[in-house]
Amino acid sequence: MEALNIESLIGDLALILVLGAVATIIFKLLKQPVVLGYIVAGFIASPHFSFFPTVATHENIEFWAQIGIIVLLFSLGLEFSFKKLLNVGSSAIITCLIIVTGMMGLGFVVGKMLHFSTVNAIFLGGMISMSSTTIIIKALTDLNMRQRRFVPLVLAVLIIEDLVAVVLMVILSSIAIHKSVESGEMLKSILKLSFFLVMWFTVGIFLIPTIFKRFRRIISDELMLVISMGLCFLMAILAVESGFSLALGAFVMGSILAGTSEAERIERIIMPVKDLFGAVFFISVGMMVNPQIIVDFGGTIALLSAVVVVGMILFGTFGMLAAGQPLKIAMESGFCLTQIGEFSFIIATLGMSLGVLDDSMYPIIVTVSVITTFFTPFFIKSAIPCYNWVARHLPQKWSSVLDGYSKNAAESEQKQSRSLWKSVAKRYALRILLYSVVVIAFIFMCRTYLIPFITKAIPGGWGRFLAMAASIGIIMPFIYAIIFPSVTTLERRQLVKKSGRVSYVPLVVMTLFSVFLALNFIMSILYGTYSSALSLLIGLAVIILIMAVFAPIFKHRIKQVESRFVNNVNERENRRTGKGHNLVSDLHLAYMRVGYSCPFVGERLRNADIRRKYGVNVVNIQRNSVIYPVPKGDMRIFPGDVLGVIGTDEQIQVMLPLVESNEKLVSTAGSPKFVHFAISDKSPIVGKKLSQARLREDYRSMLVAVQRSDNDEEFLNPTPELCFEPGDILWIVGDPKLLAPLRK
């Protein structure tokens, strides 16, 4: 039986991959996104299409599809770091709240119009309020639109939607069971989710980049793939154990790794894995299409599909406008969100398991998802034409109002970012949050493992005392970090200078709150062992001891920990700009990846003349996993190379956007081809040496070999001293139209 299951598993995988490959080729020839090909392949492989062999067991495909979701969300996290999420968080949160609130209300109204029960209508609103992250990412990739300005905003909205979906599932479960919203359960779920995210981001950012830097020289591509996928699946399991989804854990680990200097390398290494299992996921979605359901509930499916498309466009566009984005960005974002996906399936499964959804709801929502997924690429491509039409017909007064609102929102955000008090308060809140999560995690481990172990090993009062002392000793450095606010002397003077002594009041309030919080953490360890009064006295004594005796030691240690944490958070950016790699004076070492539009791609170092043009020195070149220290002048520069350069901050900032440019080059030349032809005595290069012919500069070509007419079997290597003669046959790579003058 076990062998049969394995054969069935492999057989089903073979069937869907072959069908997926054939469908992909067909849709590529039709110039359509391959996502649609995968969905069609899934339908053909499903039991609903009887004219072709079907999969033996649908559970087999579900197994592969779950891996696909994990890998897809992991790769998404790699491209969308935690720091980037914080930078676009305000716009994304506003847009997400408007979309979810609006779509849930719209779904409830439509559900009641279709005579659904109240619970079914509420669940319907939840199911149509969540766009599909994986489908949108795949569609944008296929359409080559990942670098567009609106994409980071859309991705931020999608990730926050995923986080909201976790809370939404708790609310829906409470409604289904208790016929009301249990505020306690909802608050508990939100706090639990926040704790999970902060704890693992803190631990991951502190440890993983440090490990990568320590063992960078011995981590090959093969080992990096094993480490990355291992961390991905480990975090996915930890998320499930904490009550969340596998996909959320995979995304969290991807976001942690996105802040490391190895992010691009990991992304490149896992690309084949992502493509493979991503294809399986979309094929599995296509297998859920049931033509009979479409026939029986055609009107309902058509109505819900229209509601999803129109609602997402309207609420998505309005949400982005409310967040201060221009009309063009808002419409591009809204047109991206016109589908429902994996979280809709999860919510539907939840309703089915609780016994509150009708049996027909699941296939209906799956069909709506497939239909909206099918048309997603077309809506994405139609965003700009629709914007152009709206811009032409929009009253001038409305257009001025929207432009003014967008500019005012941007200026207001810039003014707020310059506020010193906002900077201090933000740093204080972040510091309290991070250290509180760390302390809570240590308290949980101490009360769960350490205290029972010590009291069991040493029974009696001494055992309890030692257990309490050890637990408090573990959290004491972090208690110090909570008590002392991170306000520098210079900042304190500036705050006082701006608004007088009253500026000390907020600082005093923050300090008192920190002490109160630290006292409660200490007392939570002592809870159940000593009385409240004794616990309070012990807590105050510990705080006084920290401030009077251990402050100098803890200050140095905490500063080291915070310095490492901040450097790890900014490691990817620091490596590009050279911050943290100071050498002498204002010179520092920076690393930058060569883009396809870099002005000296393909040039030799000596011809690129980087030192004269930009004032920097190239000290090493990393190509794949090979590092070339102090490269020679004849070494060429190719896309994907990582240049290690030494220069000042100003020089590096000027050079960085040019080197990493990936914009498409506009050229009148056609596609390069490998051609050969003979040159006559009238050719402009006859009698010239290769070094004088300027083939690369004037003809955008590369000479591979030269065949002499007097010896058809002799091929000459193109050395700089090679002199061209009439009748020479050139084997050359270039555009035939540009090479035509050489034949004369």
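A short reminder: the numbers here are calculations on the coordinates, not readings from a lab. These numbers come from a predicted model, not from an experiment. As a convention, Cβ positions derive from the backbone with ideal geometry for all residues, glycine included, and neighbour counts pool all protein chains shown.
Things to note:
- Pairwise centroid distance, computed over Cα atoms, of the range 438-481 with the range 519-565, Å: 12
- Order by protection proxy (mean Cβ within 10 Å, highest first), peptides 701-708, 600-607: 701-708, 600-607
- Rounded if a/c under 1.5, otherwise prolate or oblate - the range 673-743, Cα gyration tensor axes: rounded
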